[in-house]
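K.L.:
Quick one: structure below, then a few questions.
Quick note: the coordinates plus some simple rules give every number you see, no bench work behind them. Remember, predicted model here, so these are calculated numbers, not experimental data. A quick note on method: Cβ atoms are made from the backbone with ideal geometry, for glycine too, and the neighbour counts reach across all protein chains shown.
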Amino acid sequence: SPKQSEDLRSPICCIMGHVDTGKTKLLDCIRGTNVQEGEAGGITQQIGATYFPAANIRERTKELKADATLKVPGLLVIDTPGHESFTNLRSRGSGLCDIAILVVDIMHGLEPQTIESLNLLKMRKTEFIIALNKVDRLYDWKARRNSPIGMTLKKQTKDVLSEFNRRVTHVITQFKEQGLNTELYYKNKEMGETFSIVPTSAVTGEGIPDLLLLLVQWTQKTMVEKLTFSDEVQCTVLEVKVIEGLGTTIDVVLVNGVLHEGDQIVGPIVTSIRALLTPHPMKEIRVKGAYMQHKEIKAAQGIKIAAQGLEHAIAGTSIYVVGPDDDLEDIKEAAKEDMQSVMSRIDKSGEGVYVQASTLGSLEALLEFLKTPEVNIPVSGIGLGPVHKKDVMKASVMLEKKNEYATILAFDVKVTPEARELADELGVRIFIADIIYHLFDQFKAYIDGLKE
Ligand code: GDP
Ligand code: MG
């Protein structure tokens, strides 16, 4: 019924996959073509995300002659970060997404980060669709711009088709080796059991209509409950950032509920929302501080929040809102438990180094890496955010037990001057890097140095 459709929120989608498979280009392609053709149709660039309204998706998929009504208001696609060596956003992103696009280069098949992404998706039980990208690179491909894939395949020669089929079959076999059934989406009779592959080109736009329609239809068909708008605020911190004139702000994805200016929010700290901000619609004009201010914002959206005390916020955690009937102490307790339950899922052994990271996602990724047989560095303690004196104290416990483990591996975080001073005084080493492998290299060099 139309009543129900009004109550659905936009599905949240993230794009994952190996570097250079075309993640950024795909997003640009979905965003860009419409702008060039003067039918931007309300596409808005949000904080850490892009919003595609249903009307726009309808327009782009009209050649597919899909009769199904679009019940969701639109699609919110989380932008992937530029640097993706090991990445925290990917693990963060997949955690809050309703559905993901896993991008695979048709010329390369499955690559190491494809498999890493797959494992994250499996771990979080996130649904996904495979975009088998760069079909235009098949030898002698005849492009038909922005065409549905079926129509463009009809125009190809027998040789191109046989090469296409050979490569698709190979990728299906590779997924099978990862324990996954996959099939071209238009042949897929058992979606849910078998994952769908949509051949695409981010350069010619071919297959993009299919991808958009499948994303929207699949989510609104199978996730009605999850997508039914709820008043209960569900909000995840993507990034903590200092912005000139605003101080420390947090970039969040509001998954559900409504946020208002002045709302009392609880994360690691209790504060009140001073400003709810989104970028101006004219996205080309990147004027510093040129944000639009809102009295209230309804999910799903990407938002920047300004408030006092946000320097204590932690990316990857949830923000709670204190309602008129809520007890602040209860909510503080819930926020604390939420943090602790995530932290306790990360296993630690008795003797080992101390690990500090900027986000829960990156902390998980780092611990995973340290556990691999080639690396095999035990961990005794973990922390989030800047390295403080208390972290140095905890790491110093190892001085007596196993001196070389009196070390902090700090990933993508700052070290406070007091912590640095205390570390020097006690003899605790702190290695800092923003690429996970570099932490390993530094620690290994140190251990090798001890042996000489
Ligand atoms: P990302 O690392 O996954 O974000 O990949 P990018 O979007 O940066 O793309 C990597 C390179 O592949 C760039 O040079 C793109 O222009 C190119 N590329 C991306 N998608 C396609 C495609 O569909 N066809 C072709 N021919 N090139 C593509
Ligand atoms: Mg990219």
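K.L.:
Using alpha carbons only, how many degrees (0 to 90, rounded to 10) separate the axis of helix 158-177 from the longest principal axis of the chain?
P.N.:
30
K.L.:
Taking amide hydrogens as modeled 1.01 Å from N in the peptide plane, which residues meet the under 5 Å criterion relative to Ile382, leaving out close sequence neighbours?
P.N.:
Distant-sequence amide H within range of Ile382: Val355.
K.L.:
Given H placed 1.01 Å from N in the peptide plane, which residues other than close sequence neighbours of Glu239 have an amide H under 5 Å from its amide H?
P.N.:
Long-range HN contacts for Glu239: Asp251.
K.L.:
A further question follows. Distance between Cα centroids, the stretch 47-78 to the stretch 92-159: provide it in whole Å.
P.N.:
Result: 19 Å between the Cα centres.
K.L.:
Report the extension gain between Lys401 and Glu296 in nm, rounded to one decimal, defined as 0.36 nm multiplied by the number of residues separating them, less their alpha carbon distance. Mind showing how you got there, number by number?
P.N.:
Numbers: separation 105, 0.36 × 105 = 37.80 nm, distance 5.39 nm.
Length gained, Lys401 through Glu296: 32.4 nm.
K.L.:
Shape call for the stretch 135-259 from the C-alpha gyration tensor, a ≥ b ≥ c root eigenvalues: rounded (a/c under 1.5), prolate (a/b greater than b/c) or oblate?
P.N.:
prolate
K.L.:
Per-residue counts of other Cβ atoms within 10 Å, averaged by peptide: what ranking do you get for 255-268, 201-214, 370-383, highest first? Intermediate values should be presented prior to the final figure.
P.N.:
Values: 255-268: 18.5, 201-214: 23.6, 370-383: 15.0.
In descending order of packing, they fall as 201-214, 255-268, 370-383.
K.L.:
Sort 399-406, 232-239, 444-451 for me by packing, meaning the mean count of neighbouring Cβ atoms within 10 Å per residue, highest on top.
P.N.:
Going from most to least packed, we get 232-239, 399-406, 444-451.
K.L.:
Give me the number: length gained by fully extending Thr157 to Met123, i.e. 0.36 nm times residue separation minus the C-alpha to C-alpha distance, one decimal in nm. Mind showing how you got there, number by number?
P.N.:
Values: separation 34, 0.36 × 34 = 12.24 nm, distance 4.11 nm.
So the extension gain works out to 8.1 nm.
K.L.:
Could you calculate the FRET efficiency of His170 with Val242 from 1/(1 + (r/R0)^6), where r is the beta carbon distance between them and R0 is 45 Å, rounded to 0.05?
P.N.:
The value I calculate is 0.45.
K.L.:
Another question, then. Please list, ordered by chain and number, the residues whose modelled amide H lies under 5 Å from the amide H of Phe195; skip anything fewer than 5 residues away on the same chain.
P.N.:
Those lying under 5 Å, H to H, from Phe195 are Asn181, Thr182, Glu183.
K.L.:
Once you've got the Cα coordinates, tell me which of Lys125/Lys414; Lys336/Lys394; Lys414/Lys451 are over 26 Å apart.
P.N.:
Correct reply: Lys125/Lys414; Lys414/Lys451.
K.L.:
Right, here's the next one. Note down the relative contact order for the stretch 360-411 as a percent, whole number, built from C-alpha pairs under 8 angstrom at least six residues apart.
P.N.:
Reported relative contact order: 24 percent.
K.L.:
I've got another one for you. In straight Cα distance, which lysines are under 27 Å from Lys155, not counting same-chain residues fewer than 8 positions off?
P.N.:
Filter leaves Lys23, Lys25, Lys62, Lys65, Lys134, Lys142, Lys187, Lys189.
K.L.:
Roughly how tilted is helix 112-123, in degrees to the nearest 10 and between 0 and 90, from the longest Cα axis of the chain?
P.N.:
Approximately 80 degrees, to the nearest ten.
K.L.:
Take Tyr437 and Lys371, extend 7 Å from each Cα along the Cα→Cβ direction, and tell me the distance between the two endpoints in nm.
P.N.:
2.2
K.L.:
Looking only at the chain, where both bridge partners belong to it, what percent of the DSSP beta bridges are antiparallel (to the nearest 5)? If you can, show how the numbers build up before the last one.
P.N.:
Numbers: 42 of 80 bridges.
Antiparallel: roughly 50 percent of the beta bridges in the chain.
K.L.:
When a/c is below 1.5 the answer is rounded, else prolate if a/b is larger than b/c, else oblate, so apply that to the chain with a ≥ b ≥ c taken from the square roots of the Cα gyration tensor eigenvalues.
P.N.:
Oblate, because a/c is 1.5 or more while a/b does not exceed b/c.
K.L.:
Report the gain in length on full extension from Val258 to Tyr139: 0.36 nm times residue separation, minus Cα-Cα distance, nm rounded to one decimal.
P.N.:
Fully extending the segment from Val258 to Tyr139 adds 37.8 nm.
K.L.:
Related question: Using the Cα gyration tensor of the stretch 313-452, with a ≥ b ≥ c the square roots of its eigenvalues, what is the shape: rounded (a/c below 1.5), prolate (a/b larger than b/c) or oblate (neither)?
P.N.:
prolate
K.L.:
Calculate for the chain the 222 nm mean residue ellipticity that helices alone would give, adding -39,500 (n - 2.57) per DSSP H run of length 4 or more and normalising by residue count, nearest 500 deg cm²/dmol.
P.N.:
After summing the helix terms and dividing by the residues of the chain, the value is -10500 deg cm²/dmol.
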